[in-house]
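Written below as C-alpha cells is the structure these notes are about.
The values are calculated or read from the model by the stated rules, or taken from the named source; none is laboratory data. Quantities reported herein were computed from a predicted structural model and do not represent experimental measurements. Reconstructed Cβ throughout: ideal geometry from the backbone, glycine too, with neighbour counts over all protein chains shown. These area figures cover heavy atoms from the full protein model, side chains too; ligands, DNA and RNA do not enter into them. Shrake-Rupley method; radii C 1.70, N 1.55, O 1.52, S 1.80 Å.
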Amino acid sequence: MNQLPMFFEQIMGINKPWYIKGIEQEGNEIHIKVDFELGSQFEYHGEKCGVHDTVERTWRHLNLFQYKAYITARVPRIKTKDGVKQVEVPWGRKGSGFTLLFEAFILQMAMCMSIREVSRLMEENENRIWRIVTYYTEQEIEKQDFSDEPVVNLAVDEVSRKKGHVYVTNFLDVDRKKIVFVARGKDSNTLKAFKERYLQKGGKEKDIKTISMDMSPAFIKGAEETFPKARIIFDKFHVMKLLNEQLDLVRRREQKTFGDFFKKTKYLFLKSKQKLTAAQSRQLSELLEDESKETVKAYNLLQSFKEVFNYSKPSSGGRYLTAWRKLCEASKIPEMITAAKMVFNNIHGILQHIRTKMTNALLEGLNSKLRVITKRAYGFKRFAYLRTMIFLNLGRLKFVVL
C-alpha cells in the first residue's frame, strides 16, 4: 500500500519537496493529500526562503476511472524581502481551482463540444469552465505579433450571431488560414477596429495588399478608409449570392401569378446544378422549357454571368460584363437591371478577383464551422463568449498549458 502514493507521484509529476501524504476515497470522490517535507525552503526571485505558515487549498484533478479526483495540499507562505508570499504549486496555475492537466483536458473537450456539454459531462459549474477556456484563449490572442506574421491577403466576412440580425465580423489571414480578429457588428467600424489592433500588435498598414469581401457598402467604405492602398476583391461566392437574391425576387414576384408553376421550386433555381438530385435536375429542365417566364430568363442570365469567372484577363472579363449588362437591360426584367447596376458599381472588385483568383471560399468554410459553433452554443450570454469560441476553434492557437 505504501507503493501507491509513490506511483501517483510519478504519474502526476509531483516532485520534492512535495510528496503525497495519503489517498482517501469518499463516496464517488478520490482525495489526494499532498504535503511538503519538513524544513523545506522555496525559491523567490532567486533566493531560498523559509516557511512562515500554510494555507490549505484544493484543486479538481482529472477523473480516476469513475471517481472525481481532488488534490488537497498545505500550501506554504514564505518569508521574503517583499513580505509574506504564498508559494505557487507546480500542478496548478495561480488563482485556479483546477490542476493544469484538468485544464488541458477541458480545452481539448471545448474544441469539439459545447461548454454546456463539457460542464454536464465533468459535473462542473459552467462559469468555471468558461473561465478556463477564456483564460488560455485570451493568453494566446495576446501573443499575436503581426511584425513576425504580417497579414498580406485579408478576408473579411460577417455571420449572424443569433435571431434579430446580430452580426459578428471575422477577419481571416488567407495565407495562414486562421482567424486573426473578431469584431461585433458588420459596419465600417469593424475595419477600423481591426486596423487599430493590427497596428497595436506590430503590423503595418502597407502589409495588407488585398482585402477580399462581399459588396457591402459599409465594408467597402471601411476598407477604403483604413487600407487605401489595398486592392479590394469581390469573390465569386458573394457576387453569385447577390445575383441569386435578385433571381429569387423575380421568382417570388411571379409566384403570386403562377402559383402552381413555382410550387416548391425555390431551391431548384438557387442550387448549383452539381448539387441537384437526378429528379430535381429533370424537374428544373422541364421548368426551363417555359421561356415565357421571367424567372427562367433571369436564371439563364445568371448562368451566362458565371462565364466571366473563366476569363484569365480582367480586360476580357470587362468586355464580357459589358455585353452581359446589355442583355439584362434588353430583358426588361427590373430585378436583373438592378443586378447589372450592382455588378457595374462594383466591377473593379470583380475584375480584381479575375486577376488574383482569390476567393472567400476558405472563410465561407470557416463560417460554416462557425454556424455549427453558434448553434452548438445557443444562448451565449455575451459576445465575448462567442469570440472566445471562434478563436479557440478557428484561430489555430498554440496552447501551452503544461
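Going through (1) farther than 25 Å from Gly97 by Cβ; (2) assigned to a loop (DSSP other than H, G, I, E, B) one by one, Asn15 falls short only on (1). Before we move on, is Asn170 crowded, with 18+ Cβ neighbours inside 10 Å and in contact with a Lys or Arg (Cβ under 9 Å, 6 or more places away or on another chain)? No, not satisfied.
Report yes if Gln10 is surrounded by fewer than 18 Cβ atoms within 10 Å (Cβ to Cβ), of a type outside the set (Gly, Ala, Ser) and in a helix (DSSP H, G or I), otherwise no. So Gln10 passes the test.
The residues of region 23-40 that are within 18 Å of Val89 (Cα to Cα), without any contact (Cβ under 8 Å) to a residue 24 or more places away in the chain and not aliphatic (A, V, I, L, M), listed by number, are Glu37, Gly39. Remark: pairs (first residue in region 124-149, free of Cβ contacts under 8 Å to residues at least 60 places away in the same chain; second residue assigned to a loop (DSSP other than H, G, I, E, B) and open to solvent by 20 Å² or more (accessible area, probe 1.4 Å); Cβ separation under 6 Å; 6+ apart in sequence or on different chains) = Gln144/Lys201; Asp145/Gly202; Ser147/Gly202.
Taken over region 176-219, the residue count meeting the criterion of being touching an Asp or Glu at 6+ places or on another chain (Cβ under 9 Å), closer than 26 Å to Ile354 by Cβ and not in a loop (DSSP other than H, G, I, E, B) is 5. Looking at region 36-88 only, could you name the residues that are under 29 Å from Ile129 (Cβ atoms), open to solvent by 30 Å² or more (accessible area, probe 1.4 Å) and aromatic (Phe, Trp, Tyr)? Listed by number, the residues that qualify are Phe65, Tyr67, Tyr70. Among helices (runs of 4 or more DSSP H) entirely within region 287-364, having at least 2 residues that are under 30 Å from Gly395 (Cα atoms) and either of a type in the set (Gly, Ala, Ser) or modelled with pLDDT under 90 (or both) singles out 347-356.
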